[in-house]
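The values are calculated or read from the model by the stated rules, or taken from the named source; none is laboratory data. Computed from a prediction, not measured in an experiment: that's the story for all the values here. Here the Cβ positions follow ideal geometry from the backbone for every residue, glycine too, while neighbour counts run over all protein chains shown. These area figures cover heavy atoms from the full protein model, side chains too; ligands, DNA and RNA do not enter into them. Shrake-Rupley method; radii C 1.70, N 1.55, O 1.52, S 1.80 Å.
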Amino acid sequence: MSTAQQVPDILSPEFAENPYPAYAVMREEAPLIWHEATQSYIISRYEDVERVFKDKQSEFTTDNYNWQVEPVHGKTILQLSGREHAVRRALVAPAFRGSDLQEKFMPVIERNSRELVDAFRHTGSADIVTDYATRFPVNVIADMLGLDKADHAKFHGWYTSVIAFLGNLSGDPEVTAAGERTRVEFAEYMLPIIRERRENLGDDLLSTLCAAEVDGVRMSDEDIKAFCSLLLAAGGETTDKAIAGILANLLLHPEQLAAVQQDRSLIPAAFAETLRYTPPVHMIMRQAATDVEVTGGTIPKAATVTCLIGAANRDERRYRNPDRFDIFRDDLNTTSAFSAAADHLAFALGRHFCVGALLAKAEVEVGLNQLLDAMPDIRLADGFDPVEEGVFTRGPKALPVRFTPVTG
């Protein structure tokens, strides 16, 4: 067992600037660390993080979400287990896969992307983060739920403060207060809409959630509100960072960008490799249900475990040349990359595998295709080097690009 003194601290400015060297030290010298400030055990190797997420022996729970997530979202599907979790997941999952995703929501995704691209396609320059990535997934979710996109600024403010709360590893009281305030504001906004929608069902996702029933169980107003809050935060923040990340990675590797421009069927591979190489979410917590042996020692029962996805996804025991971005690598399965059988860890695994993974894939594929069509000679603005920001979630803060406008 190591202590945090031996490796760069996850709360230090050096770590926030570039965590990857610290991850390498952790994997090699300190695969299990007790971290006093967050009162958690940190694990960084692929085999250990994979084991926690797959949880075949019921050794880990999501009880940590009671304090980590509930104060901002209310009680969500993330905290449930067993039949209660299975039923709630069965209520919400159909909207995010198969015919519902293809028939109802692909047109929504395509339209929202086009509206944003149309605003800058004639200008010859854009910041992919502020002009596109931070807006696109939130607009899609608002449209899917049948909410007013004119409230975009509210949604963005809410999900930003929620993500700040979740990533508030140092316990900043102002960040905590802002997150808790968001829960109240979002409830005041959503609950009247949910009650009204129950009376006047439409063909939007909110109506589907209001009407859904599995084994005689329906979602309460509070259930639906919590799920919508979770969807905005998880689906907004992560997909916006994924879109900025995939484009930044390709722009920094021009030969791979050229390959994707020529053959758009490579987009899923580029997305899977981005999820491995620069995942939008760098850490997810779980709670030990019993004493568990991992590399480096024992995690005691009831302890919080911080799983470093960003470290595990670059484990040299699992991937060849893990610090190299390579959309052609043969040790990452693109076919299963967006399912619970994924061999990267960006969406977690097992029962709590990200329910929105296929929605994210659809948004990235549509978005990247439309962006490349609108900007065939896309390049980074002169002298600009994309810099990632964030510890809990991480992605480019800005991504200014130049291109020759396509006329006609």
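Which percent, nearest 5, of DSSP beta bridges in the chain are antiparallel? Around 80 percent antiparallel, to the nearest 5. Can you list the residues of region 154-190 with backbone N under 16 Å from a point 7 Å past the Cα of Thr130, pointing along Cα to Cβ? Within reach of a label on Thr130, which here means backbone N under 16 Å from a point 7 Å along Cα→Cβ, region 154-190 contributes 157.
With the charge dipole of the chain set up from +1 on Lys and Arg Cβ and -1 on Asp and Glu Cβ about the Cα centre, the Cα lying farthest toward the positive end among the listed residues Ala381, Tyr46, Ala212 is that of Ala212. Label positions at Asn18 and Asp373, each projected 7 Å from the Cα along the C-beta direction, are separated by 3.8 nm. The separation of region 290-344 from region 184-243, counted between C-alpha centres, amounts to 31 Å. Averaging the sequence gap over all C-alpha pairs within less than 8 Å and six or more residues apart, then dividing by the number of residues, gives region 311-408 a relative contact order of 16 percent. For the peptides 40-49, 393-402, residues were scored by their other Cβ atoms within 10 Å and the scores averaged per peptide; the highest-first order is 40-49, 393-402.
When the Gaussian network model of the chain links Cα atoms closer than 10 Å, the mean-square fluctuations of Ala133, Ala234, Ala37 top out at Ala37. Charge dipole of the chain (Cα centre as origin; +1 on each Lys and Arg Cβ, -1 on each Asp and Glu Cβ, all else neutral): 600 debye, rounded to the nearest 20. In this structure Arg111 has an accessible area near 90 Å², from a 1.4 Å probe over the protein heavy atoms. For the pair Gln261 and Glu185, a Förster radius of 30 Å applied to the C-beta separation gives a FRET efficiency near 0.10, rounded to the nearest 0.05. How large is log10 I(q)/I(0) at q = 0.20 Å⁻¹ when the Debye formula is applied to the Cα atoms of region 280-408, each weighted equally and without solvent? The Debye formula, applied to the Cα set alone, gives -1.43. With contacts taken as Cα pairs under 8 Å at a separation of at least 6 residues, the chain carries a relative contact order of 25 percent.
The residue among Ala341, Gln370, Tyr132 whose Cα reaches farthest toward the positive pole of the charge dipole of the chain, with charges on the beta-carbon of Lys, Arg, Asp and Glu, is Ala341.
Counting only protein heavy atoms and using a 1.4 Å probe, the accessible area of Lys154 comes to about 100 Å².
Over region 166-267, the ratio between the Cα radius of gyration and 2.2 N^0.38 Å evaluates to 1.56. Here the Gaussian network model covers the chain, with springs between Cα atoms less than 10 Å apart; of Gly179, Gly216, Gly367, Gly216 fluctuates the most.
Which residue, Gly171, Ser161, Pro192, has the largest displacement toward the positive end of the dipole of region 142-236 when charges sit on each Cβ (Lys, Arg +1; Asp, Glu -1)? The residue sitting most towards the positive pole is Gly171. For region 183-277, the relative contact order is 19 percent, taking Cα pairs closer than 8 Å that sit 6 or more residues apart in sequence and dividing their mean separation by the residue count.
Quick one: if the Förster radius is 45 Å, what FRET efficiency do Thr123 and Asn321 give, using the C-beta to C-beta distance and rounding to 0.05? Once the sixth-power term is evaluated, E becomes 0.75. With the whole protein complex present, Thr407 retains an accessible surface near 130 Å², based on a 1.4 Å probe. Each principal axis of the chain carries a Cα extent, and these read 63, 54, 40 Å when sorted largest first.
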